[in-house]
Amino acid sequence: MARPYQKANIPGPEMGTTVYDPKVMANLLKTDKRKVIIIGAESINWELDGKKVADYYIDIANKLDCQVISTGHVYKYLKDKIKKDKLRDMSLINITGRLVDKDWKGIDGKGQYNMAIFGGHLVYYVSQTMSRIKNFSNWVRTIDLDKFSHPNARFSLPNISDEDWKRFLEELIELL
């Protein structure tokens, strides 16, 4: 188990699992659950060897053929790269509230999601988001694809370098 990126992040008795192997993460993402990927604005600020992290998340979303929610100002970057019927813009607080609402029918009207995949968010914001989902729902499995260990996510990556993160994301995309 990796240490939380934020030292004071004490998640309580239930802690998530750190995934070191892209093959394991690919198998988790390929399950037949209803998925939504939530892409944050930091994904257009972060780059791995000149490629925006948002582009990795776009590839993952397109391979999974799932609904995508953009938070912050990343919508402008995503709108021409993701199918129009798959992309919505919503604040992180709003989507968090909806994911813990058992009666919400999803952005496509087909029902609540079983898996929420996060990427491109500030660590302290998304950690609280995943804490709320973990503590107030029992139907949403959370996964974080950023390079930080999140004990509130059901599955997250360990704290890794940019080089290892790039290698992980590239292999993950190939395996999907």
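The values are calculated or read from the model by the stated rules, or taken from the named source; none is laboratory data. The structure presented is a predicted model; accordingly, all values stated were derived computationally and were not measured. All Cβ positions, even for glycine, are placed from backbone atoms using ideal geometry, and neighbour counts span all protein chains on display.
Being out of contact with any Lys or Arg (no Cβ under 9 Å at 6 or more places or on another chain) and at pLDDT 95 or above is a description that applies to Val74. Per the listing Asp108, Asp101, Asp146, the residue uniquely of a type in the set (D, E, K, R) and under 21 Å from Glu42 (Cα atoms) is Asp146.
A search for C-beta distances below 6 Å between a residue of the range 49-75 that is more than 21 Å from Asp32 (Cβ to Cβ) and any residue that is of a type in the set (Lys, Arg) and not in a helix (DSSP H, G or I), counting only pairs 6+ apart in sequence or on different chains, returns Ile58/Lys81.
If you scan the range 65-79, which residues turn out to be surrounded by 13 or more Cβ atoms within 10 Å (Cβ to Cβ) and not β-branched (Val, Ile, Thr)? The answer is Cys66, Gln67, Ser70, Gly72, Tyr75, Tyr77, Leu78.
In the range 149-162, of all residues being in contact (Cβ under 8 Å) with a residue 24 or more places away in the chain and farther than 30 Å from Asp103 by Cα, the one that is surrounded by the most Cβ atoms within 10 Å (Cβ to Cβ) corresponds to Leu157.
Say whether the condition of being of a type in the set (Gly, Ala, Ser) and in a loop (DSSP other than H, G, I, E, B) is met by at least one residue in the range 43-56. So far as the range 43-56 goes, yes, one or more of its residues are of a type in the set (Gly, Ala, Ser) and in a loop (DSSP other than H, G, I, E, B). Residues in the range 80-129 that are loosely packed, with under 13 Cβ neighbours inside 10 Å, more than 16 Å from the chain's Cα centre (by Cα) and either in contact (Cβ under 8 Å) with a residue 40 or more places away in the chain or under 13 Å from Thr142 (Cα atoms) (or both): Lys110, Gly111. Is there a residue in the range 42-64 that is closer than 26 Å to Ser137 by Cα and either modelled with pLDDT under 95 or loosely packed, with under 12 Cβ neighbours inside 10 Å (or both)? Checking the range 42-64: not a single residue is closer than 26 Å to Ser137 by Cα and either modelled with pLDDT under 95 or loosely packed, with under 12 Cβ neighbours inside 10 Å (or both). The residues of the range 134-148 that are surrounded by fewer than 23 Cβ atoms within 10 Å (Cβ to Cβ) and not in a loop (DSSP other than H, G, I, E, B), listed by number, are Lys134, Asn135, Phe136, Arg141.
Listed here are the residues, each with its yes/no results for (1) over 19 Å from Gln112 (Cβ atoms); (2) among the polar types (S, T, N, Q); (3) at pLDDT 95 or above; (4) part of a helix (DSSP H, G or I).
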| position | (1), (2), (3), (4) |
| --- | --- |
| Tyr125 | yes, no, no, yes |
| Thr129 | no, yes, no, yes |
| Arg132 | no, no, no, yes |
| Glu171 | yes, no, yes, yes |
